[in-house]
1. Could you count how many residues in segment 84-107 are open to solvent by 10 Å² or more (accessible area, probe 1.4 Å), in contact with a Ser or Thr (Cβ under 7 Å, 6 or more places away or on another chain) and part of a strand (DSSP E or B)?
2. Output the qualifying pairs, or none if there are none: Cβ atoms under 8 angstrom, residues six or more apart or on different chains, first residue in segment 415-433 and over 14 Å from I405 (Cβ atoms), second residue in a loop (DSSP other than H, G, I, E, B) and near the ligand (Cβ under 7 Å from one of its atoms).
3. For segment 636-653, does any single residue satisfy the condition of being among the β-branched types (V, I, T), touching a helix residue (DSSP H, G or I) at 6+ places or on another chain (Cβ under 8 Å) and touching a residue at least 40 places away in the same chain (Cβ under 8 Å)?
4. Which of the residues belonging to segment 584-617 are touching a helix residue (DSSP H, G or I) at 6+ places or on another chain (Cβ under 8 Å) and not in a loop (DSSP other than H, G, I, E, B)?
5. Just to be sure I understand, how many residues within segment 409-446 are within 15 Å of the ligand (Cβ to nearest atom), among the polar types (S, T, N, Q) and within 25 Å of S394 (Cβ to Cβ)?
6. Tell me yes or no: at least one residue of segment 473-491 is more than 22 Å from R521 (Cα to Cα), open to solvent by 10 Å² or more (accessible area, probe 1.4 Å) and touching a Phe, Trp or Tyr at 6+ places or on another chain (Cβ under 9 Å).
7. Can you say whether T461 is closer than 19 Å to T531 by Cα, of a type in the set (S, T, Y) and over 19 Å from the mean Cα position of the chain (by Cα), as far as the supplied structure shows?
8. Working only within segment 193-207, note down all residues that are without any contact (Cβ under 8 Å) to a residue 60 or more places away in the chain, outside any strand (DSSP E or B) and among the small types (G, A, S).
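The values are calculated or read from the model by the stated rules, or taken from the named source; none is laboratory data. Model, not experiment: these values are computed from the prediction. Methodologically, a virtual Cβ is constructed for each residue, glycine included, from the backbone with ideal geometry; neighbour enumeration extends over all protein chains shown. To get the accessible areas, we keep the full protein, side chains included, count just its heavy atoms, and leave off ligands, DNA and RNA. Shrake-Rupley method; radii C 1.70, N 1.55, O 1.52, S 1.80 Å.
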Amino acid sequence: MAENETKHEEFTLQESRVFQPPAEFAAKAAISGMQAYEKLCAEAATDYEGFWARLARENIDWHKPFTSTLDESNAPFYKWFGDGQLNASYNCLDRNLANGNADKTAIIFEADDGTVVRASYRELYERVCKFANGLKSRGIKKGDRVIIYMSMSIEGVAAMQACARIGATHSVVFGGFSAKSLQERIIDAGAVAVITADEQLRGGKSLPLKAIVDEALALGGITTIRDVIVYKRTGGNIAFQEGRDTWLHELVDGQSAECEPEWVDAEHPLFILYTSGSTGTPKGVQHATGGFLLWAALTMKWTFDIKPSDVFWCTADIGWVTGHTYIAYGPLAVGATQIVFEGVPTYPHAGRFWETIAKHKVSIFYTAPTAIRSLIKASDVDEKVHPKNFDRSSLRLLGSVGEPINPEAWMWYYKNVGEERCPIVDTFWQTETGGHMITPLPGATPLVPGSCTLPLPGIMTAIVDESGADVPNGQGGILVVKRPWPSMIRTIWNNPDRFRTSYFPEELGGKYYLAGDGAIRNKDTGYFTITGRIDDVLNVSGHRMGTMEIESALVGHPMVAEAAVVGKPDETTGESICAFVVLKQARPSGEDAKKLAAELRTWVAKEIGPIAKPKEIRFGDNLPKTRSGKIMRRLLRVLAKGEAITQDVSTLENPAILDQLKESA
Ligand code: WT7
């Protein structure tokens, strides 16, 4: 952790611009003004359990009301609303049929080629019920794990909802992951079925999905899969295995459009979502039905100030947590109309986001800094794709997620997309937190570009030093959450020990949730700025990746002896991957080095997925190590940046190799 202390210096820059919430926005907001925010914080501070119990009763329809709010008897395996029963799909669908939203549009599907398909709440309900009955007809039941390996589609959302309806725990695997990554997740989850599509369409191209599922299942080691259910998206040619594979349209054909929801305990695992940590194997982050659903609904109201007339658009993929909380569950739990977008921001042109906002009169737009930065670049090159050419008058709120947003990108987003009238919510959270943690409230919080401002009411974030003691404002440290909250990770699937040691380390007293990020609070305002990960996790284009995962993929290549991966700051993607590689043979140079680097990149794409491809590969005879053999990553980070080495290298066993590692292949 100490290695990253220096990082904080970059963030103590004074940002003096402050943007007050527009009066008109604040007047109508769910949380209006800082006093309203402080009142909620005070309520949580006075009666923590009472606060959450009230919100859980107000925001969720319980089949069986809970009497116990927070059970800390087996900390850090906390239980929330433990004796209550509910169903997430009931709360997202049936509830909207009962409260007058039946004919309201739930999903506007914007296909890659611009085709639009709408589904009302009633239609979505019927689709999910048929899907759920179809799953049941294949013997899939409560407690089973189901892998969803799908592109962005109404069917993808329906698949998640159908699992929730029957009490099966879904685990969505992002469609960009390789067969090997998919295989590992299927095995770890012990899944009984995979729901996929024949192919996916992105940027005018069709890419395989079913073929990758076939490949994953052929890799071996999988004993639990009985069914592969295939949604026909493109009609492309795919192999079909009798008995195992079923078309979705055939599965749902003739099924009843009613399906009694399976009532589950609040702690029943709604989903497992794999994410990267500091070791080679991804962690199956397990979320509980009750707490997660409360968070999805509540943050739609608090952070997004959702109103019945809004058109909400979160551009994330359902393969990431953002697509779980703010596509598959949150918008539906509050009866909102949302866009589900299949395509990419640059097809058929880099104005696609702004064009789509105009086309569907989007009022709340939620995207990642990487996308904003790449669209800034694109509109610098081609003025025709600049947001000013598209009608943005429908917008009233903008959001940012996944990585720090730099003040320049924030200002561009504020001015050119939001016309200086839309607040921006810079939402800090993680796969493990289930939803927003530190974020402005658009009708209350004065905004400062580059700061995610203050924690949500009831969220007890703090910055501590390495012994767990609070540090004063203005001094960087480790971001922790001091009290459990409803939507927190419950455990790591199959690995409770790793859960405890990763998130509740003894060094910090064993009681604080360790986020894995560094942070600093402003001296005057107490506002938080996230300074980046303090572990070996990278954030490339808002995608989270473990350096160890990439390293083990590299050393899996027959020619590689050793590899170390570090992040390098990147103007567009936030961070980029730089790999230092030692071969079993002599260090290559010139064209040979280039050819081998290309081969290693393809190798990593095949092992993990294209998102994990190193941007740069550097070959050395060795890696910089201390005399005890520890790789000096701090030095590698300096080398990756191309900066001169100023630190003491006297403990370095082999200083001569530093020169070799300065050049990319
Ligand atoms: C990591 C979590 C948040 C859901 C999608 C990513 C970084 C996330 C912000 C932000 C600064 C951010 C952190 C965090 N991060 N949002 N607004 N400002 N950093 O979830 O894949 O679990 O990644 O993303 O480093 O730990 P994830």
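1. Looking only at that region, the number is 1.
2. These pairs meet every condition: T431/W320.
3. no
4. Of all residues in segment 584-617, those touching a helix residue (DSSP H, G or I) at 6+ places or on another chain (Cβ under 8 Å) come to 587-588, 600, 603-609, 612-614, 616-617.
Selection gives L600, W603, V604, A605, K606, E607, A612, E616, I617.
5. Within segment 409-446, residues that are within 15 Å of the ligand (Cβ to nearest atom), among the polar types (S, T, N, Q) and within 25 Å of S394 (Cβ to Cβ) number 3.
6. Applying the first criterion (more than 22 Å from R521 (Cα to Cα)) to segment 473-491 yields 486-491.
If we keep only those that are open to solvent by 10 Å² or more (accessible area, probe 1.4 Å) as well, we get 490-491.
Filter again for touching a Phe, Trp or Tyr at 6+ places or on another chain (Cβ under 9 Å), leaving 490-491.
The answer is yes, given that some residue of segment 473-491 is more than 22 Å from R521 (Cα to Cα), open to solvent by 10 Å² or more (accessible area, probe 1.4 Å) and touching a Phe, Trp or Tyr at 6+ places or on another chain (Cβ under 9 Å).
7. Details: closer than 19 Å to T531 by Cα: yes; of a type in the set (S, T, Y): yes; over 19 Å from the mean Cα position of the chain (by Cα): yes.
Against the criterion (closer than 19 Å to T531 by Cα, of a type in the set (S, T, Y) and over 19 Å from the mean Cα position of the chain (by Cα)), T461 qualifies.
8. Once the filter is applied, which keeps residues that are without any contact (Cβ under 8 Å) to a residue 60 or more places away in the chain, outside any strand (DSSP E or B) and among the small types (G, A, S), segment 193-207 yields nothing.
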